[in-house]
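These notes concern the structure reproduced below.
Here, each number is a calculation from the coordinates, and none is a lab measurement. Since the model is a prediction, treat every value here as computed from it, not as a measurement. A quick note on method: Cβ atoms are made from the backbone with ideal geometry, for glycine too, and the neighbour counts reach across all protein chains shown.
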Amino acid sequence: MLFSSVEFAVFLPLVFLLYWYVANKNLKVQNLLIVVASYVFYGWWDWRFLSLIIFSTLVDYSIGLGLRGEADPRKRKLYLWTSILINLGFLGVFKYYNFFLDSFYSAAPGIRAVLGFNTLDIILPVGISFYTFQTLSYTIDVYRRQLEPTDDLISFAAFVSFFPQLVAGPIERATNLLPQFHRARTFDYGRAVDGLRQILWGLFKKVVIADNCAAFANDIFNNSADMNGSALVLGALFFSFQIYGDFSGYSDIAIGTARLFGFDLMRNFAYPYFSRDIAEFWRRWHISLSTWFRDYLYIPLGGSRGGTWMRIRNTFIIFIVSGFWHGANWTFIVWGALNAVFFLPLLLTKSNRRNLDTVAEDRALPTWSESARMLATFGITVFAWIFFRASSLGHAFAYIRDIFTPSLLQLPSLNNLKLAALTLLFVGVFLVIEWLGRRDEYAIERLALHRPRPLRWAFYYAIALSIFWFSGSEQDFIYFQF
Amino acid sequence: MVRFIKTTLLFLGILGGMLLLTFAYRWVTIRSIDWSLPDDTHVLFVGASHIAKGVNDSLYEGSANLALGSERYLFTYLKLERLLTANPQVDTVFLEFAPTDMHRNTDSKYYTANEMSLYLPLYFPYFSEEEWKLYGRTNAPTVATLLVQKVLKDIPRSIRTYGRFNPSEKQFDSRQDQHEIAEWLDRGHAINYRYLNKIISLCEAEGVNLIFLYMPMFRPSEFYDEEYYYATYRDQFSQIELLDYSDLELPDNFREDEHHLNKFGARFFTERLVADLQR
């Protein structure tokens with residue numbers, strides 16, 4: 001079920017009340033309720049998906065227990081690789097089988113008749129890319145002895161299936177989330193209210209910003225051959241805000257929902273469009289995934305140690321794999337590679353750890369230099385998003401080629417230019433709010449906190465009513481397809 | 001915990017109150033719409049896009065085109081109820097009667113997101129218990145979400161929101177025609193037929209002459225199961241006169257696409273219809 005649906009609006013309060021009023025006397029019962037609620041939430045899409053997540057849970061739970069009793073390094077490695085192969089195997093079959101087969105056949109056309117394998121008609125289980133990485137983090141951390149394996153199957157199942165973050169992240173680390181299932185949770189008024197506030201903001205980002213931008217982005221990208229240069233630029237801009245509003249909005253709702261149940265999830269977005277360089281952008285965008293790749297792929301490959309060529313190699317591997325994680329299409333691989341190209345100069349000149357603070361942290365406005373760098377970083381990010389959104393490499397190249405024509409200087413060739421302008425105005429207001437709240441975990445965390453309640457509530461009502469009144473046509477969360 | 005629940009309920013209660021007020025505003029605005037037409041208007045054209053695009057009411061004196069694209073018979077019935085009550089001078093109603101109205105997804109179309117998002121916000125203040133049951137039985141959460149999302153959007157204030165002549169500038173080229181011949185399945189038509197019969201009964205009760213209109217199509221036998229269509233007409237609706245223009249010879253540049261006329265075709269067809277009616 002979608003977070004922005006009536007079903008979820010009924011589901012959440014029900015689970016909340018059962019959790020704090022019925023199940024709160026016993027930690028195991030509370031965790032069991034989480035498991036049941038999460039399976040209901042997940043099974044709402046398609047009950048068949050449950051078999052996969054249950055199997056994945058049982059496999060990694062067993063492997064964790066196996067690792068606990070095993071001292072032999074070779075056998076420990078065997079356990080680890082079993083987990084990796086099974087989890088990535090699922091991912092490979094459901095997500096990448098058709099892509100690999102089609103790509104192979106394209107490269108060697110005659111081989112199809114020889115091999116005779118056909119593409120499969122498979123539904124991609126929602127959230128598979130997220131929970132497989134989440135369970136992998138468990139087995140890897142247990143293998144590295146950074147985490148004690150759990151023998152509490154219920155807690156582990158709750159960790160794997162925790163409904164707020166199950167289908168689109170944040171990808172939680174076992175070292176952060178699993179211990180929270182072993183500890184008693186007590187209701188905290190401030191934390192619960194904060195959770196509701198973050199849910200409200202997440203809904204605004206998803207329903208008002210993302211869904212309204214999506215209508216234009218879809219129209220422009222789907223009909224890009226008929227659009228002029230300025231419309232294509234607008235399309236890329238709309239998509240940039242669609243994917244940010246969609247994904248960070250979902251993360252806000254996930255984190256806020258988890259807070260209602262006494263859990264702290266990791267932050268996933270930290271105002272990435274205010275980044276001063278691409279390295280900062282990647283420290284602020286989809287943090288749970290980029291840190292996962294850093295800790296479980298980049299560092300084991302040698303990280304930034306070793307010679308220049310090794311650093312270049314590792315950087316490209318990380319970004320390309322990250323691109324590939326997003327989808328089985330060459331466009332995602334090129335998107336990843338492009339980001340590697342943008343990142344490399346900073347890495348090689350050792351400038352990638354420059355902007356670690358928040359921009360204009362102690363000022364109201366950025367300097368001209370900061371503004372220029374933010375705009376430049378945003379510009380190259382938007383350029384890369386074209387590949388992410390395009391249906392194929394040919395589409396992406398044609399899209400870019402058609403931007404750089406004299407029609408770039410004309411008015412955008414859109415049917416509803418007024419509505420597009422209004423949507424951009426909304427995005428502008430949204431960016432101002434994000435800017436004002438850039439020092440906080442989410443933009444409205446403290447924005448009206450010290451005002452009297454009537455004023456504070458008026459602000460929240462303005463956001464809530466705009467969710468109802470200015471919502472775009474319902475769109476799936478983009479990251480559900482990953 | 002109790003404080004949290006109380007505060008949350010208070011917040012949601014006030015929010016709910018605001019939303020109810022906006023619903024009430026929309027309800028009252030729609031119910032206040034004046035359905036009167038000029039006194040000399042005695043002919044109505046109603047239905048979906050075939051008529052909305054194909055009949056130029058400015059060329060037919062004393063007529064009004066109040067058709068709206070994709071409109072199913074349930075909504076046409078609710079509209080006609082109001083129109084005939086407010087306009088006793090109306091003596092003739094032309095109703096779109098095409099195979100698209102007879103089978104091909106007629107009932108399932110009531111529940112598509114696109115259709116519901118266009119028609120429910122326009123018509124829900126006119127719903128009786130029957131219409132609420134129809135939507136509530138299968139789609140209550142979707143309907144609720146949709147109505148809340150649309151409550152302040154495009155509030156209709158005149159009957160022209162409910163239908164008008166909507167000329168198209170596009171031109172069809174049959175040489176580019178990529179159509180596929182549809183595989184016809186009888187996907188259920190209970191709702192649409194029920195409201196078509198209600199329209200018939202309404203017109204009878206109001207003493208209005210109801211005429212079915214099958215608008216010009218491009219090669220209709222390739223797109224629709226006309227055997228089924230004509231058999232259904234004969235078996236169930238033969239008491240109503242059918243004006244069948246489906247095979248009217250027209251050049252491509254009079255059509256928007258295979259199913260609709262453009263503004264040139266609308267002019268030609270309306271003038272032809274007027275001439276035929278006068279004979």
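Extending 7 Å from Cα along the Cβ direction at B:Arg164 and again at A:Arg183 yields two label points whose distance is 6.3 nm. Between A:Leu411 and A:Arg267, the contour length at 0.36 nm per residue exceeds the Cα-Cα span by 47.9 nm.
Straight-line reach from B:Lys153: taking Cα to Cα under 16 Å and skipping same-chain neighbours fewer than 8 places apart, the aspartates and glutamates in range are A:Asp211, A:Glu474, B:Glu115. Note on the protein assembly as shown: dipole from Cβ charges, positive end direction compared against A:Gly428, A:Phe130, B:Ala86; the farthest Cα belongs to A:Phe130. Applying a DSSP loop filter and a limit of 15 other Cβ atoms within 10 Å to the chymotrypsin sites (Phe, Trp or Tyr not before Pro) in segment A:1-101 leaves A:Trp47. Dipole magnitude for segment A:131-193: about 140 debye, using +1 per Lys or Arg Cβ and -1 per Asp or Glu Cβ, origin at the Cα centre. With θ taken as phi - 60° and the Karplus curve 6.51 cos²θ - 1.76 cosθ + 1.60 applied, the whole-hertz 3J(HN,Hα) list for segment A:383-391 is 4, 5, 4, 4, 5, 4, 8, 4, 7 Hz, x standing for glycine and proline. With all pairs of different C-alpha atoms in the average, the Kirkwood value for the hydrodynamic radius of chain A is 23.9 Å. Sparsely packed loop sites in segment B:236-279 (the GluC sites (Glu not before Pro) outside DSSP H, G, I, E and B with at most 10 other Cβ atoms within 10 Å) comprise B:Glu249. As a calculated quantity, the FRET efficiency between B:Trp27 and A:Arg313 at R0 = 45 Å, using C-beta atoms, amounts to about 0.10. Residues A:Ser83, B:Ser201, arranged from fewest to most other Cβ atoms within 10 angstrom of their Cβ, appear as B:Ser201, A:Ser83. Counted as membrane-span-like here are DSSP H helices of chain B whose alpha-carbon atoms extend 24 Å or more along the helix's own axis and whose Kyte-Doolittle mean is 0.0 or above; these are B:2-31. Cβ-to-Cβ counts within 10 Å put A:Lys206, A:Lys75 in ascending order as A:Lys75, A:Lys206, the fewest first. Convex hull volume per residue, computed on the Cα atoms of segment A:314-392, equals 104 Å³. For the pair B:Tyr111 and A:Ala372, label points projected 7 Å from Cα toward Cβ lie 6.1 nm apart.
Students often get this wrong, so check it: of B:Lys198/B:Lys263; A:Lys205/B:Lys170; A:Lys206/B:Lys109; A:Lys77/A:Lys350; B:Lys109/B:Lys150, which have C-alpha atoms separated by over 30 Å? Walk me through the intermediate numbers first.
Numbers: B:Lys198/B:Lys263 32 Å; A:Lys205/B:Lys170 38 Å; A:Lys206/B:Lys109 28 Å; A:Lys77/A:Lys350 34 Å; B:Lys109/B:Lys150 19 Å.
Cα-Cα > 30 Å for B:Lys198/B:Lys263; A:Lys205/B:Lys170; A:Lys77/A:Lys350; rest within.
Within the protein assembly as shown, antiparallel bridges make up roughly 5 percent of the DSSP beta bridges whose residues both belong there. Separation of segment A:333-355 from segment A:126-149 is 27 Å, based on Cα centroids.
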